1. Which one is modelled with the highest pLDDT, of the residues in the stretch 374-413 that are loosely packed, with under 12 Cβ neighbours inside 10 Å and of a type in the set (Asp, Glu)?
2. Could you check how many residues of the stretch 299-341 are charged (D, E, K, R), surrounded by 14 or more Cβ atoms within 10 Å (Cβ to Cβ) and touching a residue at least 24 places away in the same chain (Cβ under 8 Å)?
3. Considering only the stretch 70-143, give the strands (runs of 3 or more DSSP E) lying wholly within it that have at least 3 residues that are more than 19 Å from residue 169 (Cα to Cα).
4. I'd like to check something: does the stretch 22-30 contain any residue that is open to solvent by less than 50 Å² (accessible area, probe 1.4 Å), outside any strand (DSSP E or B) and either modelled with pLDDT of 85 or more or of a type in the set (Val, Ile, Thr) (or both)?
5. For the stretch 31-49, give me the residue count where each residue is modelled with pLDDT of 75 or more and within 19 Å of residue 143 (Cβ to Cβ).
6. Could you look through the stretch 91-144, keep only residues that are surrounded by 15 or more Cβ atoms within 10 Å (Cβ to Cβ) and of a type in the set (Lys, Arg), and pick out the one that is nearest to residue 48 (Cα to Cα)?
7. Could you go through the stretch 240-251 and let me know if any residue there is part of a loop (DSSP other than H, G, I, E, B) and either more than 60 Å from the chain's Cα centre (by Cα) or at pLDDT 80 or above (or both).
Amino acid sequence: MRVLAVLYANHGARTHVLAPGQKVALGSAGIENTPTGLWVNGKTSAVGSVTQLNAGETVSVFESLNPLPRPISLTGQSEASIGRSNRNDICLSGGQVSGNHARLRKEGSGWTLSDLNSRNGIYVNGEKIQSSLLREDDTVFLGGYLFRFHAGALHFESVCAGVRSTLKELSSQPIEAAPQAVEYPWFQRGPRNRPEIKMEEIEILSPPQAGSKPNISWLSVLLPPILMVSVMVVVAVVIGNMSGGGMSMLSLAFTVPMSIIGVIISIVTYRSQTKKWVETQQLAREKYDAHLAGQERRIQQAETAYAEALQANFPSADNCLRIAKTRDRRLWERGPADEDFLSVRIGTADAPSNVTVKTPQQQLSLEENPLLDQAQRLKEKHQRLKALPVTVNLREDFVIGLAGGNESVYALLCGLAALHSYEDVKICCVSPRAKEISGTGCVGYRTVGTTSAGSAFLPVRRMMRNGSCNGWTKS
């Protein structure tokens, strides 16, 4: 079956009649008319259904009756009414046609089409109108019907239901046949979704303080007990010689064990304090390592987002050609109002990181903290990023030439042609690779001549039909 696909977007309607087996892209919708059914964006769709798209667009599909009605002539008429009511001169029985939908009125040598406050409106050459003077070969869509105004007659290209008319009908093969509509690729600039390029500062905190390592003075621990025992021995000997030694030996028996116990307590206390200090040091190191790991993840995420944003805003030559060939939504996305207008990529190089890592300062101390060295090494690790786009701003920089070989020039031309409309940027290139660039047939430029230095290409005009853009041509 033949179907009529209609894309509603931005107060306009684009139409396309699909023969069996044909497929077409309308806006962000891919529509295919297969023998087994109708598909919209890879999903089956019933005739008469409405598909809502992500970009705020709506696709409606109508089955086109076959054979088409004969053309209706307006010759000899001064006015003709169109609608679903039988009282109209041209009765269209489709469900989306209002009872009194539109009026055609002769004005001088032309015809004016007016909307009579219909429910679903009228579209002339894809734009919704209230009243419009019809020009030769204007296309009109209303309520599931598509016809073309040609030689004072209405030539139907798709109808979703019956057509009855009290006006004169032409033969199915008129003497002056209306020209076949030429299909051009449609492209409409969408709103720009530009990734944000952010410069960030990430602070690394000071490591936790675990205190000083416990120290022990063996002289202060052992000397007092030794002196005490020595004195007691001397005293015991003297008193023993004088009194027989019983009482002095008893004193010595108490003094020696107490001194030994004092030494043992000092050693145990020292070892306990040392063990606690080691545990505190280990805990501080683990917590600081976790802090550094978390901050490094933040740095890496910021650097990755920065690199991706730069790659997206300044695509490579291959990506620019892909954008143009596939008519990606980014095609011609930059205009004179954008701050990066005429700012294009010419290559890649290592560049400073977008993240400023703020590390704690080493305080004046007798002991250095090794954890601070880890923070400094982390900072040094993230000083530069690899293979970032190198750009040149042709609007702000006074560029008189590019050094670096043909690849830089090739990248610059691809960026200019794919990201900037030929209405905003005019390019004249003399290069052995000019034909290669224009030969892609998708960036709106064509080869215009050959010189001893190579081929030259210039922007070409888009094919214009009735004042609206339908596509572009290539040589």
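1. Within the stretch 374-413, the match that is modelled with the highest pLDDT is 380.
2. The qualifying residues number 9.
3. Numbers: elements: 79-83, 90-92, 102-107, 110-115, 122-124, 127-129, 131-134, 138-142.
Those strands (runs of 3 or more DSSP E) span 110-115, 122-124, 127-129, 131-134, 138-142.
4. Within the stretch 22-30, the first condition is being open to solvent by less than 50 Å² (accessible area, probe 1.4 Å), and the residues that meet it are 24, 26-27, 29-30.
Then drop every residue that is not outside any strand (DSSP E or B), which leaves 27.
Pick out the ones that are also either modelled with pLDDT of 85 or more or of a type in the set (Val, Ile, Thr) (or both) and you get none.
No.
5. 2
6. 128
7. yes
The values are calculated or read from the model by the stated rules, or taken from the named source; none is laboratory data. Just so it is clear, the model here is predicted, and its values are computed rather than measured. Every residue, glycine as well, gets a Cβ built from its backbone with ideal geometry; the counts of neighbours run over all protein chains shown. Quick note on the areas: whole protein, heavy atoms, side chains included, nothing else; ligands and nucleic acids left out. Shrake-Rupley method; radii C 1.70, N 1.55, O 1.52, S 1.80 Å.
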